[in-house]
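Here's the structure, in structure tokens; my notes come after.
Any read-out appearing in this document is the output of simple, stated calculations on the displayed coordinates, not a laboratory observation. If you're wondering where the values come from, they're calculated on a predicted model, not measured in any experiment. Cβ atoms come from the backbone with ideal geometry, glycine included; neighbour counts cover every protein chain shown.
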Amino acid sequence: MTNSVLFSKARKIKMLILDVDGVMTNGQILLTPQGEELKFFSIHDGYGMVCAMKAGIRLGIISGRSSPAIRMRCEELKITDLYMNTMDKLPVLNQILEKYSLLPEEVAYIGDDVPDLPVLLKAGFSAAPQNAHLAVKKKVDLVLSKSGGDGAVREFIDFILLAQNKEKL
């Protein structure tokens, strides 16, 4: 897909929806002996999310897993559209579209694995981290140069903001 087509898709984006494990994190989970789950998030991705919201782009998260770490990260970043424990993500996307009166082409989605495919295929602009599953990388609009948990979210946001002439926030 040419850059002009990708920029055209990115210009329409009003909301960005993210997967968590493998996108906002590197996909690894550390379990403590007490049963606590630890996740590592990129500070660069977080700042990109703040920039996106300042630019008027709404953010949401749909995760197949439930985790206190995800909830805490959303609270820090002031992301209110959080859907956890949801392996069937397409109905959640449809709910979000209805909730905010959005068209699919006004939503971007970044995911890394097979459960993300239905949402990736419906979203107007889709991306996958460099370390995403091959089946996903074959179907998305943009395969990012960065891996999940290592700046992929920021790279996608920077692309969208650049296309919308909002990169200097």
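Just the number, please: percent antiparallel of the DSSP beta bridges in region 3-163, rounded to the nearest 5.
Numbers: 2 of 18 bridges.
Among the beta bridges of region 3-163, antiparallel pairing accounts for roughly 10 percent.
Quote to one decimal, in nm, the extra length available between Y47 and E75 on full extension: 0.36 nm per residue of separation minus the C-alpha distance between them.
Full-extension gain reported as 8.7 nm.
Residue by residue through region 26-39, which ³J(HN,Hα) values in whole Hz follow from phi under the Karplus form 6.51 cos²θ - 1.76 cosθ + 1.60 (θ = phi - 60°), with glycine and proline marked x?
In residue order, the calculated couplings are 7, x, 8, 10, 9, 9, 7, x, 7, x, 6, 9, 10, 10 Hz.
With labels modelled as points extended 7 Å from the Cα through the Cβ direction, what inter-label distance (nm, one decimal) is found for K54 paired with F7?
A separation of 2.4 nm, rounded to one decimal place.
Write out the chymotrypsin sites (Phe, Trp or Tyr not before Pro) in region 1-85 meeting two conditions: DSSP loop, and at most 15 other Cβ atoms within 10 Å of their Cβ. Could you put the intermediate results ahead of the total?
Working: sites: F7, F40, F41, Y47, Y83; in loops: F40, F41.
Of the chymotrypsin sites (Phe, Trp or Tyr not before Pro), the ones in loops of region 1-85 whose Cβ has at most 15 other Cβ atoms within 10 Å are F40.
For the cross-link pairs K39/K89; K39/K166; K14/K54; K146/K166; K12/K89; K54/K166, which exceed 19 Å when the distance is taken from alpha carbon to alpha carbon? Provide the component values of the computation, followed by the final result.
Details: K39/K89 21 Å; K39/K166 30 Å; K14/K54 12 Å; K146/K166 21 Å; K12/K89 22 Å; K54/K166 10 Å.
Long pairs (Cα-Cα over 19 Å): K39/K89; K39/K166; K146/K166; K12/K89.
Could you let me know the centre-to-centre spacing of region 1-76 and region 92-164, using Cα atoms, in angstrom?
10 Å
What is the helix-to-structure angle for 152-163, meaning the angle in degrees between its Cα long axis and the longest Cα principal axis of the chain, kept from 0 to 90 and rounded to the nearest 10?
20 degrees
Of the labelled options [x] 1, 8, 12, 12, 10, 9, 8, 7, 6, 5, 4, 4, 3, 2, 2, 2, 1, 1, 1, 0, 0, 0; [y] 2, 9, 20, 24, 23, 14, 5, 2, 1, 0, 0; [z] 2, 9, 17, 20, 18, 14, 9, 6, 3, 1, 1, 0, which one gives P(r) over Cα pairs in 5 Å bins from 0, in percent as computed for this structure?
It is the value labelled [y].
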